Amino acid sequence: MKSPSVIVIGAGVGGIAAAAHLAHSGVHVTVLEKNHRPGGRCDRFIRDGHVFDTGPTLLVMPLLYETEFAALGVSMREALDLQRVDPTYHLVFDDGSGLALTSDLNAMREQLETIEPGSYHGFLRYVEEGCRHYQLATGRLVNHDFRHLTDFVNLRNLPLVYQVKPFAHHYHHMRAYFDDPRLKSAFTFQDVYMGLSPFEAPATFSMMCYTELAHGVWYPRGGMYRVVEALVEIAQEAGVEFEFDAPVERIDVNGTATHGVILEDGRRLAADAVLANADLPHVYQHLLPDEDRAARMDRKRYSCSTVSFFWGVDQVYEQLPPHTLFLADDYRANFDSIIGDLGLPDNPSLYVHAPARLDRSMAPTGQDTLTAIVPVGHLSENGDQDWRAIRDRAREDVFRRLRLLGIDDLQDHIKFEVNYTPLSWRKRYNLVKGATHGLCHNLTQLAYFRPDNRHPRYHNLYFAGASTRPGTGLPTAMVSARLAATRLLEDLGVEAAVAV
Ligand SMILES: Cc1cc2nc3c(=O)[nH]c(=O)nc-3n(C[C@H](O)[C@H](O)[C@H](O)COP(=O)(O)OP(=O)(O)OC[C@H]3O[C@@H](n4cnc5c(N)ncnc54)[C@H](O)[C@@H]3O)c2cc1C
């Protein structure tokens with residue numbers, strides 16, 4: 001019997017992993033990717049010997065990666081040459097004080113007690129709560145296939161309402177643990193990964209701080225793009241065919257089914273099912289005919305974006321550790337400006353990554369590779385943001401903050417710069433509004449309430465990736481891929497190589 005065929009739109013991490021799952025189960029899979037290489041947001045470029053990961057720089061939630069690689073029949077530890085990054089981040093506050101987040105409890109005690117006497121005890125309680133949140137949320141929310149409302153709203157899940165504190169605002173909840181505003185920001189900034197301000201994010205997200213300290217932040221030798229390369233290898237071994245420079249223009253639908261896709265070059269490719277890994281709002285707005293649903297998608301809330309700078313530098317800045325976060329005193333104003341005004345804060349919090357500190361091969365000998373990421377608002381409806389001016393101001397902000405570490409001559413040592421604004425994110429990866437994390441993760445867009453992995457009308461159209469369930473991040477994209485592929489195989493009546 002002829003094996004069923006599936007077209008995957010997009011070779012992001014979710015698309016590659018879904019393709020591999022399907023191919024392992026005997027499906028004929030073709031991945032169509034608009035760009036000329038795989039990876040999507042987890043992208044890389046190399047210039048004059050400087051290697052830049054342009055998207056993710058942190059391998060977090062390693063236990064999820066382990067499970068997902070295992071579900072693809074591969075050991076994560078064999079696929080990736082991982083090293084633990086500890087301290088994870090070096091935080092630098094406006095007054096020049098710092099905090100190195102580390103799993104070394106003695107070092108944590110010493111630093112925390114210097115900032116706020118008595119806070120170490122609060123820290124231990126906070127991490128303990130994060131542990132509870134992590135276990136409940138990964139088991140019952142992240143790693144769960146919500147097909148019906150009753151899968152989510154049921155007596156078993158009722159205790160989650162007080163167990164994972166979804167209705168407590170994360171930042172305000174920090175009062176229970178710390179008084180010093182620097183510590184409140186030190187343990188809530190991760191919410192921005194979810195596209196949320198800690199002033200509105202559920203306290204559930206204390207799980208991020210817990211997993212970073214308990215399970216570690218890791219770095220694959222060769223950079224984060226190794227995750228993509230490892231997944232492509234698995235997919236190709238399973239028989240997946242990739243076609244690059246192949247943008248899809250429309251999904252071919254009729255009634256309640258899809259029959260394949262139409263590419264921008266005019267080709268029509270037929271398939272038994274389509275799995276879209278391209279950003280879900282992009283699929284609704286550009287690849288499908290239903291204008292009402294597209295309009296509803298537009299009204300959803302989107303995560304923030306970034307202005308990112310990639311610098312090849314002619315000397316090494318040893319005083320820069322791998323991950324440095326400059327956290328602004330006007331923490332609340334920062335989020336109000338990014339999320340409320342869709343702009344760049346006056347004094348933005350920002351992140352600098354020096355990968356050569358972890359892997360010398362990321363820069364030529366005696367030189368440095370630096371990335372600076374400045375969170376900004378996503379693209380506005382009326383296009384009134386002046387991204388050139390915002391970018392230039394953001395660059396000055398990075399230089400200014402680096403002076404806190406005694407770095408005052410970076411401008412003189414930059415050999416070349418590449419920069420991205422929200423316009424770049426939209427153009428490169430079709431991210432609606434240039435929102436780097438897709439739909440944000442507020443309560444009405446989480447778990448069951450996040451767009452389903454299957455289209456509500458077209459019964460053989462599926463979704464995997466950041467804007468569908470469970471949500472943003474590389475390991476979650478792999479979970480999403482498994483959920484979508486399992487559902488698709490069930491619908492096709494094909495036995496899955498791995499069950500959910
Ligand atoms: C700056 C930044 C930093 C981040 N940091 C981290 C981090 O440290 N750790 C972490 O875990 N996560 C991080 N993330 C999030 C993570 O990168 C994403 O959640 C994840 O890569 C999303 O994968 P995805 O499967 O949704 O696919 P995407 O990456 O969105 O890929 C979708 C693919 O579809 C293609 N496509 C779109 N439209 C079409 C079309 N019409 N036809 C054909 N192809 C199409 C795109 O080109 C793209 O290749 C970061 C993201 C960004 C942007």
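The values are calculated or read from the model by the stated rules, or taken from the named source; none is laboratory data. Note that the structure is predicted; figures quoted are calculated from it, not measured. Cβ: placed from backbone, ideal geometry, glycine included. Neighbour counts: every protein chain shown. Heads up: the accessible areas ignore ligands, DNA and RNA and are worked out on the full protein's heavy atoms, side chains in. Shrake-Rupley method; radii C 1.70, N 1.55, O 1.52, S 1.80 Å.
Worth pointing out:
- Hits in the range 322-351 (condition: in contact with a helix residue (DSSP H, G or I) (Cβ under 7 Å, 6 or more places away or on another chain) and within 16 Å of the ligand (Cβ to nearest atom)): Pro322, Leu325, Leu344, Pro348, Ser349, Leu350
- Among residues of the range 60-89, those that are exposed (fewer than 15 other Cβ atoms within 10 Å of the Cβ) and without any contact (Cβ under 8 Å) to a residue 40 or more places away in the chain, counted: 4
- Residues that are within 11 Å of the ligand (Cβ to nearest atom) and aromatic (Phe, Trp, Tyr), drawn from the range 453-500: Phe463
- Residue satisfying all of: in the range 385-412; farther than 22 Å from Ser197 by Cβ and part of a loop (DSSP other than H, G, I, E, B); least open to solvent (accessible area, probe 1.4 Å) among these: Ile407
- Residue match in the range 226-242 (condition: in contact (Cβ under 8 Å) with a residue 12 or more places away in the chain and farther than 30 Å from Gly26 by Cα): no
- Helices (runs of 4 or more DSSP H) completely within the range 153-204 that count 1 or more residues being touching a strand residue (DSSP E or B) at 6+ places or on another chain (Cβ under 8 Å): 170-173, 181-186
- Qualifying residue in the range 163-174 (condition: open to solvent by 80 Å² or more (accessible area, probe 1.4 Å), in contact with a Phe, Trp or Tyr (Cβ under 9 Å, 6 or more places away or on another chain) and either touching a residue at least 40 places away in the same chain (Cβ under 8 Å) or polar (S, T, N, Q) (or both)): no
- Members of the range 413-433 that are part of a helix (DSSP H, G or I), of a type outside the set (Phe, Trp, Tyr) and either in contact with a helix residue (DSSP H, G or I) (Cβ under 8 Å, 6 or more places away or on another chain) or crowded, with 19+ Cβ neighbours inside 10 Å (or both): Pro422, Leu423, Ser424, Arg426, Val432, Lys433
- Lone unmet requirement of (1) within 25 Å of His50 (Cβ to Cβ); (2) among the aromatic types (Phe, Trp, Tyr); (3) in contact with a strand residue (DSSP E or B) (Cβ under 7 Å, 6 or more places away or on another chain) for Tyr429: (3)
- Filtered residues of the range 126-152 (kept if farther than 18 Å from Gln190 by Cβ, assigned to a helix (DSSP H, G or I) and not hydroxyl-bearing (Ser, Thr, Tyr)): Gly139, Arg140, Leu149, Asp151, Phe152
- Lone qualifier among Leu358, Leu370 - being at pLDDT 95 or above and more than 21 Å from Asp81 (Cβ to Cβ): Leu370
- Filtered residue count, the range 341-378, keeping only those that are hydrophobic (A, V, I, L, M, F, W, C), farther than 20 Å from Ile414 by Cα and surrounded by 22 or more Cβ atoms within 10 Å (Cβ to Cβ): 2
- Candidates Ser97, Ser103: the one that is surrounded by 16 or more Cβ atoms within 10 Å (Cβ to Cβ) and out of contact with any Ser or Thr (no Cβ under 6 Å at 6 or more places or on another chain) is Ser103.
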